[in-house]
Amino acid sequence: MASTRDTFQVPKRYNSLAIALMAIGIIAIIALYITTHGSGGTPAEKHQSDARFWASLLQNSVYFLLVCNAVIFFIAATTLAWGGWQMSFRRVSEAITVCVPVVGTICGVILLTILFSSNHIIYHWSDNNVVANDAALDWKSGFLNKGFFATWTVFTIVAWSLVGWKLRSLSRSTDAGKLTVEEGKRYMWTNTVWAAIYIVIFALTVMSSIPWFWLMSIDAHWYSTMYSWYTFASSFVAGIALITLFVIYLKNTGYLEFTTKEHLHDLGKFQFAFSIFWTYLWFAQLMLIWYANIPEETVYFKPRYFGAYSPIFWMVFMINFVAPILIYMSRDSKRNYATLTFMSMLILFGHWLDFYQMVFPGSVSPDHVPTILYDFGVGIGFVGVILFVTARALTKAPMIAKNHPLIKESLIHHT
Amino acid sequence: MSLLRYESQVRPPLVEGNKDYHQVTEDICRPVEAKPSKLWWIGFLISVAFLCFGIFSVCMEVTYGVGQWNLNKTTGWGWDITNFVWWVGIGHAGTLISAILLLFRQGWRTGVNRAAEAMTIFAVMCAGQFPIWHMGRVWDAFFVLPYANTRGPLWVNFNSPLLWDVFAISTYFTVSLLFWYSGLLPDLATLRDRAKLKWRKMFYGIASFGWTGSTKHWQRHEALSLVLAGLSTPLVLSVHTIVSFDFATSVVPGWHTTIFPPYFVAGAIFSGFAMVQTLLVVTRRVLGLEEYITIEHIDVMNKVIVLTGSIVGIAYLTELFIAWYSHVPYEWFAFKENRVNLNSPYGWSYYLMMGCNVLSPQIFWFRKMRRNLLLTFFMSILVNIGMWFERFVIIVTSVYRDYLPSSWSTYYRPTIWEVGFYLGTFGLFFTCYFLFSKFFPVIAVAEIKHILKRSGENYKSKMDVVEKETFDDFAHEHAHDHGA
């Protein structure tokens, strides 16, 4: 048996990669700014190019924040369900959640800048002049107003970060020494309470209001009750894919000796199951709107299903449904590192693309797809941030919560 | 060396008391082998009486037509479809427990799955009655089946979610029945082997399909269970999804909303678990099975109830919010005037639904409440009243006021035959359940034995040594090394 490597040390190459990715992100942002703002033009054109620039930051920051936050959700859900199997890599999930305050701050700044700048193309409901001449937006202004948006955004990011921190520090508190059964029970209780608090916050934010504010209000006239749950499903699959990637990387570098193919198999099952769950919501939303054929609702799918975004729309379907269901169907593929790595990356990209088609038609133009390479570059930058922050977090605690009451169950785990 | 049967002592045991394999068989088979009690006869006969009244009510409807019910042109769906959706919903817990919780490796399901699956089958049987008799000219019911016919272009409408329902529910019923029955085989064989009377030996002999308990049998049994679990998992979601399509594909305000599919599924699981609680809180007591269906089981199921109740709550509020946010006057009218407005004819039903389904389950955030049997029983009934009213609210409050006030329906209230039909399905359900609890083991004997050495109280207490080991010792001794 290999020697226990207790704490993570960031390899030089890893560090350089993370910094390089962040650099690519910054270059992409600068390049995007220059290309969109180079030609001057009328104020209207300037607003348009501004929107192009900020939409990219909005899509990327919201996507990666929701993905990291989905990892807190994974921790909270497995805590509430007393899932012992995932304890062997629990610290990896915890390290990823450190990204929530970091990406959250970036995201918060971007959202508030978009909201309070004089450019109202992305959130056109934030322009008083527009609202005054638009009965629907005027009607909605009880919800869609700057004050509510800003307060709720700040509250949400702070709340996620705080509870995430609390769950991590509870986990760290077990490092002090072995717990007796009675102490273990008390520990599980405290953990359950905090996980439950998180779930309530999650219900009020991700499962309802936050996607309405951040994403659905881009197409401010359009509405769908499914929207928030759909957004959740998208980010949750991607969150599991992110955990899988980190676990595989750490396994390959000789850490996490107690995490085996059995655990990875289960992560693969989660990706498989929730990819189908995502498709279920995707289909239900699309089919019901198509079937009822009400213009106020079908307008959303016009550019996506038929128009300029249709290649992306169908690619999202292929990547996020067809690929996982075919490739993950067999047992062997969920136990194969190469397949898992490939699929996890593909799924992360697929849901990134899903967010792309959620954001861009409404904020930039329904008639043409902008050069996606810039946005991809920005996304790479966020990946760099996540790599960097997660690695730092991993070095700060032992890789295994050795005294957690359920850790031994994870060691002998069999799917 | 690797340790296969270990479970943290922090987890409460799932089988209490000092049990071994033989004792498990004895405990669970005892009620089946004993003579039925007086209480059983009373319950059974009351159920049969209800069933008879139900049959009579249906006869009235078939003989004199759907006019025997108070449905009218505007309120074309009333109690019948409400009851249909309600029963289908209840029929969700069994398959969820046996398939999805199996995939999630929830050990506690073994205590409750058998009864829950049986309940599922009976509930789906009840549900199926409503659309059939609602047809009016029930002798033409076979028209829903697509088959080569001489009616020329008269072919079933594949575009209609009502037809999808026919397929979804019959598939669900078939798979659930197979799943339940194949799970029963080893237990029926146990009963056969223990039988002392000739007729019992014959009955259980035929019913157990010649099960011998050989390795080959077990192997095939396990393989079949896995295939059926795989088939059932999407079915749990699809059935109520398609029921929700009955409403959501339309353009009726209050019906057309995209969240319907997942929210119907959550609601179905919610009401299904409530029905499981109703039955098991009583069953465990009457049959003396408290050590197998422990307070822990009740606690966990109450957690599922508070979770699904809250999911449903989020969905209700989302619907209400989007009805306002959409700025569609018809949608907003349906919610504001037909539901939220307490002074509207059916306003009360909306609040009843909210109170029973969203507010009342919140009491289960507290551990003490989750472990209180009386409260659990009361709440389980309350939840199913709430879930009945959910369907009533969706169906009746959405249609009773048409677009033109001249078409507004008079106040719809059911006739005695509509009520009788509903009571009759209760009769059917409980008649079946009483027969089941008399002739079949209400707990899966073989499955309890499967978890006994890991989660049984006496076995767990012997695990002290392992529990006290440090992580490193434990890892050294027991961790599986799969070569990365």
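In table form, for the structure just shown:
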read-out: Contact order normalised by residue count of chain B, Cα under 8 Å, 6+ apart, percent; value: 34 percent
read-out: In degrees, nearest ten, helix B:79-90 long axis to first principal axis of chain B (Cα); value: 20 degrees
read-out: Between segment B:105-120 and segment A:270-327, the Cα center-to-center distance that results, in Å; value: 35 Å
read-out: Distance between modelled label sites at B:LEU226 and A:VAL109, nm, 7 Å Cα→Cβ extension; value: 5.2 nm
read-out: Lysines whose Cα lies under 22 Å from that of A:LYS261, excluding same-chain neighbours fewer than 8 positions away; value: A:LYS251, A:LYS269, A:LYS334, A:LYS402, A:LYS408
read-out: Pairwise label distance in nanometres, A:SER169 with A:TYR33, each label 7 Å out on the Cα-Cβ vector; value: 3.6 nm
read-out: Set of segment B:55-85 residues, backbone N closer than 14 Å to the point 7 Å along the Cα-Cβ line of B:TRP139; value: B:62-65
read-out: Ordering of B:260-269, B:21-30, A:253-262, A:374-383 by packing [mean C-beta count within 10 Å, highest first]; value: B:260-269, A:374-383, A:253-262, B:21-30
read-out: Two-site FRET efficiency, B:PHE333 against B:ASP473, from Cβ-Cβ distance with R₀ of 60 Å, rounded to 0.05; value: 0.30
read-out: Pairwise FRET efficiency - A:TRP290 versus A:GLN9, Cβ, R0 = 56 Å, nearest 0.05; value: 0.55
read-out: Cys with no candidate disulfide partner in chain A (beta-carbon separation under 4.7 Å rule); value: A:CYS107
read-out: Nearest-ten-degree value, helix B:109-134 long axis tilted from longest Cα axis of chain B; value: 20 degrees
read-out: Neighbour-count ranking [beta-carbon atoms within 10 angstrom, fewest first] of B:TRP199, B:TRP155, B:TRP40, B:TRP211; value: B:TRP199, B:TRP155, B:TRP40, B:TRP211
read-out: Peptide B:300-306, shielding by other chains (average Cβ, 10 Å cutoff); value: 1
read-out: Cα-based helix-to-principal-axis angle, B:295-325 vs chain B, degrees rounded to 10; value: 30 degrees
read-out: Relative contact order (%) - segment A:12-411, alpha-carbon pairs under 8 angstrom, separation at least six; value: 34 percent
read-out: Unit charges at the beta carbon, dipole of segment B:68-214: most positive-side option, B:PRO186, B:ILE169, B:PHE84; value: B:PRO186
read-out: About the Cα centre, charge dipole magnitude for segment A:328-415 (Lys/Arg +1, Asp/Glu -1 at Cβ), debye; value: 640 debye
read-out: Set of aspartates and glutamates with alpha-carbon distance to A:LYS166 below 18 Å, sequence-local pairs under 8 removed; value: A:GLU94, A:ASP175
read-out: Total charge dipole magnitude, the protein assembly as shown, about the Cα centre, Cβ charges on Lys, Arg, Asp, Glu only, Debye to nearest 20; value: 1940 debye
read-out: Proximal lysines to B:LYS438, defined as alpha-carbon separation beneath 19 angstrom and excluding residues fewer than eight positions away on the same chain; value: B:LYS35, B:LYS38, B:LYS196, B:LYS198, B:LYS201
read-out: Average other protein chain Cβ within 10 Å of Cβ, residues B:322-332; value: 5
read-out: Two-site FRET efficiency, A:THR339 against B:ARG5, from Cβ-Cβ distance with R₀ of 30 Å, rounded to 0.05; value: 0.45
read-out: Linear extension gain, B:ASN159 paired with B:TRP199, 0.36 nm per residue minus alpha-carbon span; value: 9.3 nm
read-out: Only Lys, Arg (+1) and Asp, Glu (-1) charged, at Cβ; chain A dipole about Cα centre in debye; value: 1460 debye
read-out: Loop-located trypsin sites (Lys or Arg not before Pro) in segment A:291-366 whose Cβ has at most 11 other Cβ within 10 Å (DSSP); value: none
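Any read-out appearing in this document is the output of simple, stated calculations on the displayed coordinates, not a laboratory observation. On a predicted model such as this, the values are computed, not experimentally measured, just so you know. Every residue, glycine as well, gets a Cβ built from its backbone with ideal geometry; the counts of neighbours run over all protein chains shown.
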